[in-house]
Amino acid sequence: MDFQLIGRILPHIVEASLLTVGLTICSLALGLVVAASVVAGRFSRMTPIRWLATAYVSVMRGTPLLVQLFIVFFGGPQFGLELTPFMAGVLTMGFNIGAYMSEGIKGAIIAVDKGQGEASRSIGFGRFDTMRLFILPQAAPLMIRSLGVNTVILSKSTALVSTIGVVELTYSAQRFVTSTYKPFEVFAVSGAAYIAIVALISLIVRGTEKLFDADRRVGA
Amino acid sequence: MTLDFGVVPSYAQLLFTGLLWTIFITVLAGSISILLGIAIATTTLYGPKLASLPVRRITFLFLGTPLLLQLYLLYYGLSQVGVMLPAFWTGVVGLGLHYAAYNADIFRASLHAVDPGQAEAARSLGFSRGATRRLFIMPQAIVTALPQVGNNSIILLKDTAVLSVLGIAELVLNAQRAISETYRPFEFYFTAALLYYVVNLAMEFLLGIAARKAEEIR
């Protein structure tokens with residue numbers, strides 16, 4: 001182990017991790033919006049919209065993220081869609097993780113006791129208000145775990161955008177390997193950075209779960 | 001914008017060869033991930049502390065870092081210590097190791113979930129500890145683990161695309177070859193995606209049948 005080298009590359013790796021975190025946060029934000037829309041589609045009263053939402057989830061989950069990324073980044077210009085690598089990455093990962101997250105949210109909504117919705121409807125609340133006021137608040141604590149797992153997966157899949165030239169953690173690690181020929185040192189530092197990011201996400205997820213638990217106790 | 005899927009059929013053979021390699025890599029890496037996953041699960045459950053603790057730690061490292069980073073580490077790291085492994089095997093082993101960590105978690109949970117009465121019964125009939133695990137506990141755990149391990153294998157199929165980065169001529173790399181001759185990225189990546197989707201659906205179908213069979217056995 002060359003500790004001097006580790007000390008030298010550490011600031012650069014930290015900087016690159018910030019970009020990885022940025023990619024994760026931007027994709028997560030987009031992913032949540034996509035997931036919410038897909039879930040709305042899957043509970044729609046119009047059959048074609050339900051089909052469309054289901055097909056979307058199936059296709060996004062059934063094809064490799066890397067290929068989706070290449071379609072957007074390399075195929076986009078054929079449609080006049082010229083994106084920066086960062087934008088292409090966020091767009092693809094957001095739409096991809098949104099499909100996965102929609103499954104978790106859907107599961108949580110289904111897990112809420114059916115009687116809750118029926119009761120709310122029978123005392124005159126509309127479909128939208130029933131969802132907003134009664135179903136979603138009860139479903140929220142149930143979806144945190146799966147949203148958290150997907151966020152961890154997302155943070156690791158940001159490594160794929162290194163292939164289209166975003167200098168995030170993996171790309172900068174690769175650069176240091178080719179310039180120093182010390183793969184173990186470089187990958188030890190960048191691997192530790194990923195683990196730190198994953199640990200941070202897990203911590204946030206656990207904190208949020210506790211928050212909801214405390215909420216429920218107060219409410220009870 | 002001009003889309004021209006007319007160029008795709010003349011590269012059908014290249015894409016099809018790539019697809020076959022993708023399936024072959026999935027089978028190889030999938031087998032490694034399942035066998036090694038079982039080995040890791042049994043070591044961490046039944047092995048001596050001296051073995052189980054380091055194995056647990058290493059598994060954690062595999063779960064916490066991206067596949068691509070692990071592939072690069074294997075690719076560049078092995079040559080630093082003087083091991084010359086062809087890129088193909090680096091990719092297959094890397095992919096297998098990565099998913100072994102995921103499968104190990106599932107097998108461990110499934111081994112845990114087998115009714116303790118099963119082991120007690122086998123032991124009281126005179127089977128040794130090893131034979132009890134091999135003949136009674138393991139088969140039941142494998143049946144329980146099947147749906148989730150199958151799911152992981154489908155995810156593994158999609159992650160074989162990442163091996164193109166190491167220069168392994170699977171579906172994505174062959175699509176890239178066609179693109180470098182035709183400058184039609186959308187058409188070829190789209191076709192590749194379609195092929196992945198079809199194999200994905202086929203795998204889901206087969207695993208559905210296997211899961212139902214497993215349910216019957218249980």
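In the set (1) within 14 Å of chain A (Cβ to nearest Cβ); (2) of a type in the set (Val, Ile, Thr); (3) out of contact with any Asp or Glu (no Cβ under 9 Å at 6 or more places or on another chain); (4) more than 23 Å from B:ALA214 (Cβ to Cβ), the condition left unmet by B:THR160 is number (3).
Restricting attention to the range B:167-187, and to residues there that are assigned to a helix (DSSP H, G or I) and either among the polar types (S, T, N, Q) or more than 9 Å from chain A (Cβ to nearest Cβ) (or both), which single residue is nearest to the chain's Cα centre (by Cα)?
First, the residues of the range B:167-187 that are assigned to a helix (DSSP H, G or I): B:171-182, B:185-187.
Still in the list and also either among the polar types (S, T, N, Q) or more than 9 Å from chain A (Cβ to nearest Cβ) (or both): B:173-174, B:176-178, B:180-182.
On the way: B:LEU173: 19, B:ASN174: 21, B:GLN176: 24, B:ARG177: 26, B:ALA178: 27, B:SER180: 30, B:GLU181: 32, B:THR182: 33 Å.
Selected residue: B:LEU173.
Quick grid of which residues meet (1) hydroxyl-bearing (Ser, Thr, Tyr); (2) out of contact with any Leu (no Cβ under 9 Å at 6 or more places or on another chain):
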| position | (1), (2) |
| --- | --- |
| A:GLU118 | no, yes |
| A:PHE134 | no, yes |
| A:LEU169 | no, no |
| A:SER179 | yes, yes |
| A:ARG206 | no, yes |
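B:LEU95 - would you say it is within 12 Å of another protein chain (Cβ to nearest Cβ) and touching a Leu at 6+ places or on another chain (Cβ under 7 Å)? Answer is no for this residue. Of the helices (runs of 4 or more DSSP H) lying entirely inside the range B:72-166, the ones with 1 or more residues being closer than 30 Å to B:TYR189 by Cα and of a type in the set (Phe, Trp, Tyr) are found at B:87-113. For the condition modelled with pLDDT under 95 and in contact with a His (Cβ under 7 Å, 6 or more places away or on another chain), what is the one hit in A:SER172, A:SER190? The unique qualifying residue is A:SER172. Going by the conditions given, is A:SER179 surrounded by fewer than 21 Cβ atoms within 10 Å (Cβ to Cβ), over 23 Å from the mean Cα position of the chain (by Cα) and either on the phi < 0 side of the Ramachandran plot or of a type in the set (A, V, I, L, M) (or both)? Answer is yes for this residue. Looking only at residues in the range A:167-176 that are part of a helix (DSSP H, G or I) and either more than 8 Å from chain B (Cβ to nearest Cβ) or β-branched (Val, Ile, Thr) (or both), which one is surrounded by the most Cβ atoms within 10 Å (Cβ to Cβ)? Selected residue: A:THR170.
What are the residues in the range A:100-143 that are over 17 Å from A:ALA35 (Cα atoms) and among the small types (Gly, Ala, Ser), if any? Those that are over 17 Å from A:ALA35 (Cα atoms) and among the small types (Gly, Ala, Ser): A:ALA111, A:GLY115, A:GLY117, A:ALA119, A:SER120, A:SER122, A:GLY124, A:GLY126. Taking the numbered list (1) without any contact (Cβ under 8 Å) to a residue 24 or more places away in the chain; (2) in contact with a Gly (Cβ under 8 Å, 6 or more places away or on another chain); (3) away from chain A (no Cβ under 11 Å) in turn, B:ALA122 passes all entries but (2).
Checking each residue in the range A:196-215 for being within 16 Å of the chain's Cα centre (by Cα) and within 13 Å of chain B (Cβ to nearest Cβ) picks out A:ILE197, A:VAL198, A:ALA199, A:LEU200, A:ILE201, A:SER202. Looking for something within 21 Å of B:ALA161 (Cα to Cα), in contact with a helix residue (DSSP H, G or I) (Cβ under 6 Å, 6 or more places away or on another chain) and more than 14 Å from every other protein chain (Cβ to nearest Cβ) - is there at least one such residue anywhere in the range A:42-61? Taking every residue of the range A:42-61 in turn, none turns out to be within 21 Å of B:ALA161 (Cα to Cα), in contact with a helix residue (DSSP H, G or I) (Cβ under 6 Å, 6 or more places away or on another chain) and more than 14 Å from every other protein chain (Cβ to nearest Cβ).
Taking each residue of the range B:145-160 that is touching a residue at least 12 places away in the same chain (Cβ under 8 Å) and surrounded by 19 or more Cβ atoms within 10 Å (Cβ to Cβ) and looking for partners that are not in a helix (DSSP H, G or I) and not aliphatic (A, V, I, L, M) with beta-carbon atoms closer than 6 Å, six or more apart or interchain, yields B:LYS158/A:PRO64; B:THR160/B:GLU170.
Of all residues in the range A:143-153, those that are within 11 Å of chain B (Cβ to nearest Cβ) and either within 16 Å of B:VAL165 (Cα to Cα) or buried (at least 22 other Cβ atoms within 10 Å of the Cβ) (or both) total 0. Looking at the range B:19-53, which of the residues that are in contact (Cβ under 8 Å) with a residue 60 or more places away in the chain and of a type in the set (Phe, Trp, Tyr) is farthest from B:VAL162 (Cα to Cα)? In this case the residue turns out to be B:TYR46.
The lone criterion from (1) within 30 Å of B:PHE16 (Cβ to Cβ); (2) among the basic types (Lys, Arg); (3) more than 11 Å from chain A (Cβ to nearest Cβ) left unmet by B:ARG108 is number (1). Taking the conditions (1) crowded, with 18+ Cβ neighbours inside 10 Å; (2) among the hydroxyl-bearing types (Ser, Thr, Tyr); (3) under 25 Å from B:LEU68 (Cβ atoms); (4) away from chain B (no Cβ under 14 Å) in turn, A:THR84 satisfies each one other than (1). Within the range A:113-135, the residues that satisfy the criterion of being surrounded by fewer than 17 Cβ atoms within 10 Å (Cβ to Cβ) and hydrophobic (A, V, I, L, M, F, W, C) are A:ALA119, A:ILE123, A:PHE125, A:PHE128, A:LEU133.
The values are calculated or read from the model by the stated rules, or taken from the named source; none is laboratory data. Note that the structure is predicted; figures quoted are calculated from it, not measured. Neighbour counts are summed over all protein chains in view; Cβ atoms, including those assigned to glycine, are modelled from backbone coordinates with ideal geometry.
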